[in-house]
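Novice: Dumping the structure here so I can ask a few things about it.
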Amino acid sequence: MTARRRGQPPQDAPRVIVVGAGFAGLAAVKELHRVGAQVLLIDRNIYSTFQPLLYQVATGGLNPGDVAYPLRTVARRKAARFRMGELAGIDPAARQITLTDGTVLGYDYLVLGTGVSAAYYGVTGAAEHTFGLYTRHDAVALRDHIMARLERLDIEGHGHDVYFTVAGGGATGVELAGALAELRDDADAFPEVDRADVHIRLVEMAPALLAPFHPKLQRYALAELRRRGVDVHLDTRISEITDDRVILANGDKLPSDVTVWAAGVSAPGDVRDWGLPQGHGGRVEVGPDLRVAGQDRIFATGDVALIEGQPLPQLAQPAIQGGRHAAGQIALLMAGRPTKPFRYHDKGIMATIGRRSAVVEFPHGARLRGTLAWLAWLGLHLFYLLGGRNRLSALLNLSYRYLVWGHGGGVIVGDDPPAAIAGGSPRALPGAAGSRQGSP
Ligand SMILES: Cc1cc2nc3c(=O)[nH]c(=O)nc-3n(C[C@H](O)[C@H](O)[C@H](O)COP(=O)(O)OP(=O)(O)OC[C@H]3O[C@@H](n4cnc5c(N)ncnc54)[C@H](O)[C@@H]3O)c2cc1C
C-alpha cells in the first residue's frame, strides 16, 4: 500500500474532472480541494489566461507571460492533477469524456467551464478578416500586426495612412481603442510616424457605448475616447469586412488595415459535439443548481453556461462564483444531501478608457469615473491576476506604461510579420486568429 501524501485526497474519493481552467474552472478546483475529491483539471493550454488584460498585450504594454499563469502550479497547490487536452465528447451514461487525442477518462462528476469565442452574427468576411482577442495567441498576433503596420508607416513616411478599426463598443472595444490611441500618441514608440496618419476608429451598432453602464458613464466614455482622437461611429451597422475595408450597412466603404472583432460572443462550435442541451448563443443550458439540464452529474458554469431563468453577464465574477457553487454542490451530492440554487452576488462593473480614465458602477447605483475609477480598475485587475510573479511583472509593466511611457520609455516589441511591412494582407501571415466588460 502506498502512503498518501499530506493534503492528497484518498484514492477512493469521488473523481471530479474540471474542463477549462479559466475563472470558473479554477474557482471550482480551489473549492474542490477543501471537499476532498480527486480532481483532474484539463485545459487545451498549459496556462490560464487573464483575458481582462489581453488588450494591454495587444498594444505592447504587457508581456504575454504577464497574463498567463502555469496550470501545473495551481494544480499542485490544490492537490489536483493537471492534464493538457481538449474535450471532444461526453458519454454521460458511461460517465466518461473523450479528448481530441482519443484519450478516454472516467469521472464521477464533471464540471465544464470552457468559456466562449467570437460571434460574427453572419457578417460577411468577419471571421476571415478580423482579429479576435480571446487568447494569448490572439493578443500576440494582433500586437505583431499593429506594430508591423506602424513600422511600415515609418518606412513609407508622411502622406501614407494606417487605419485601425475596432468593431464593438463594449468594454473590450473601448479599452482597446483607448490603448491604441495611447500607442499612437506616444512620441517614443514610433517617433518618425506622424500621429495624423494613424486613424483609430470604433464602430458600434447601438446608440451608446458600454451598454450595461449608466448613460452618464456612457457619455463620459464617449467623450474621453473622442478627446483621445478615436473616431467613434454609433448607431452604425457593419455589413461586410474585407482584408482592407469595413463596409457599412449604409454602403459606406471605410479603409481598414487592421480590423478587430469585439462585437459579441457565443459558445464555440465544438460544444455541439458534446450532446448537451444548448440555448441562446449556443450556451449549455443549466438548471438553478448549475447542473446541465437533464444531467445529474454534469455541471456547467462561467461564460459557457446559460442558467434557466437567470441569464447572467459573461464576466469574471459570475464565472468565479459559479465555479465555487458547482464545487459546493458536488460536496453536497457526495454527502448525499440536496443541492441549492445559485445566487449571483453582483459586485459591480468597470471599464477603462486609458490613462487616468475609467468608469465604475456599483450595484446600488453609486458611480465613479476619472482617476479614482482608473486606480480602482488598476488595483482590482492586479489583485485578481494569478500569481505573485505575474502580479509583480504586470505592476512593473503597467507602471512603466502609465508613468514612464512617452518620457523615454518604449513598447514591448514582438516579431514583425514581414509580409505586413511589405504590404501583404494580415490574413496571409501566420498567427492571425479569429471579445467584451465588468470587474473580475
Ligand atoms: C478581451 C477580454 C476582456 C475582458 N475583460 C473583462 C473585465 O475587465 N472584467 C470582467 O469581469 N470580465 C472581462 N472579460 C470576460 C471574462 O474574461 C470572462 O467572462 C471569463 O473569462 C469567463 O470565465 P470562464 O472560466 O467561463 O471562461 P474562460 O476564462 O474563457 O476560460 C475557459 C478555459 O477553457 C479552455 N477551453 C476551452 N475549450 C476547451 C476544450 N474544448 N477543452 C479544454 N479546454 C478548453 C480555455 O483554454 C480556457 O482556459 C473579458 C473578456 C475578454 C475576452
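Novice: Show the residues, 5+ positions off or on another chain, whose built amide H is closer than 5 Å to the amide H of Ser239.
Specialist: Ile247, Leu248, Ala249
Novice: Then there is this: Check cross-link reach from Lys347 to the lysines: straight Cα distance under 28 Å, and skip same-chain residues fewer than eight apart.
Specialist: Correct list for Lys347: Lys30, Lys78, Lys216.
Novice: Residue farthest toward the positive end of the dipole of the chain, with Cβ of Lys/Arg at +1 and Asp/Glu at -1: which of Ala75, Asn250, Tyr47?
Specialist: The one lying farthest along the dipole's positive direction is Ala75.
Novice: Tell me, what HN-Hα J-couplings in whole Hz come from the Karplus equation 6.51 cos²θ - 1.76 cosθ + 1.60 at θ = phi - 60° for each residue of region 376-393, using x for Gly and Pro?
Specialist: Rounded to whole hertz, the list is 5, 4, 4, x, 5, 5, 5, 4, 7, 5, 6, x, x, 5, 4, 4, 5, 5.
Novice: Once amide H atoms are built 1.01 Å from N in the peptide plane, which residues 5 or more positions from Val111, or in another chain, come under 5 Å H to H?
Specialist: Ile17, Val18, Val19, Phe299
Novice: On average, how much accessible surface per residue is there in the chain, in Å², for a 1.4 Å probe, leaving out ligands, DNA and RNA?
Specialist: 43
Novice: For Glu192 and Arg337 in the same chain, what is the full-extension length gain: residue separation times 0.36 nm, less their Cα-Cα distance, in nm?
Specialist: Result: 45.4 nm gained on full extension.
Novice: On to the next question. Fully extended, how many nm does the chain gain between Asp270 and Tyr121 (0.36 nm per residue separation, minus their Cα-Cα distance)?
Specialist: 51.9 nm
Novice: Roughly how many percent of the accessible protein surface of region 268-404 is carbon and sulfur, given a 1.4 Å probe and a whole-percent answer?
Specialist: Taking all protein chains in place, region 268-404 shows 57 percent carbon and sulfur surface.
Novice: Now for a different question. As a check on your grasp of the helix formula, calculate [θ] at 222 nm for the chain: sum -39500 (n - 2.57) over DSSP H runs of n ≥ 4, divide by the residue count, round to the nearest 500.
Specialist: After summing the helix terms and dividing by the residues of the chain, the value is -9000 deg cm²/dmol.
Novice: From the backbone phi of region 335-350, what are the Karplus-calculated ³J(HN,Hα) couplings (6.51 cos²θ - 1.76 cosθ + 1.60, θ = phi - 60°) in whole Hz, Gly and Pro given as x?
Specialist: 8, x, 10, x, 7, 10, x, 7, 10, 7, 9, 6, 9, x, 10, 8
Novice: Dipole size in debye (nearest 20) for region 344-393 around its Cα centre, Lys and Arg Cβ +1, Asp and Glu Cβ -1?
Specialist: 220
Novice: Checking the a/c ratio against 1.5 first, then a/b against b/c, what shape does the Cα gyration tensor give for the chain?
Specialist: prolate
Novice: Could I ask something else about it? Whole-Hz Karplus ³J(HN,Hα) for region 110-126, in order, using 6.51 cos²θ - 1.76 cosθ + 1.60 and θ = phi - 60°, x for Gly and Pro?
Specialist: Ordered by residue, 3J(HN,Hα) equals 10, 10, 9, x, 8, x, 10, 9, 5, 10, 9, 6, x, 6, 4, x, 5 Hz.
Novice: Using the basic label-point model (7 angstrom from Cα toward the beta carbon), what is the Ala206 to Thr371 distance in nanometres?
Specialist: 3.0
Novice: Could you check the spin-label model distance between Val404 and Asp231? Points 7 Å from the Cα along Cα→Cβ, value in nm.
Specialist: 3.5
Novice: Another question, if that's okay. With unit charges on the beta carbon (Lys/Arg positive, Asp/Glu negative), name the residue among Ala141, Ala24, Val174 whose Cα is farthest towards the positive pole of the charge dipole of the chain.
Specialist: Among Ala141, Ala24, Val174, the one farthest towards the positive end of the dipole of the chain is Ala24.
Novice: Using modelled amide H (1.01 Å from N, peptide plane; none on Pro or chain starts), what sits under 5 Å from the amide H of Ala293, excluding residues fewer than 5 places away?
Specialist: Glu285, Val286, Gly287
Novice: Still on this model: Assuming R0 = 30 Å, what is the FRET efficiency of Ala13 and Leu382, from their Cβ-Cβ distance, to the nearest 0.05?
Specialist: Result of the calculation: an efficiency of 0.25.
Novice: Which one, Gly85, Leu202, Leu62, projects farthest toward the positive side of the charge dipole computed for the chain from Cβ point charges (K/R +1, D/E -1)?
Specialist: Farthest along the dipole direction, towards plus: Gly85.
The values are calculated or read from the model by the stated rules, or taken from the named source; none is laboratory data. Computed from a predicted model, the values in this text were never measured in an experiment. Heads up, the Cβs are rebuilt from the backbone with ideal geometry, glycines too, and the neighbour counts pull from every protein chain shown. In case anyone asks, the SASA skips ligands and DNA or RNA and just uses the protein heavy atoms, side chains included. Shrake-Rupley method; radii C 1.70, N 1.55, O 1.52, S 1.80 Å.
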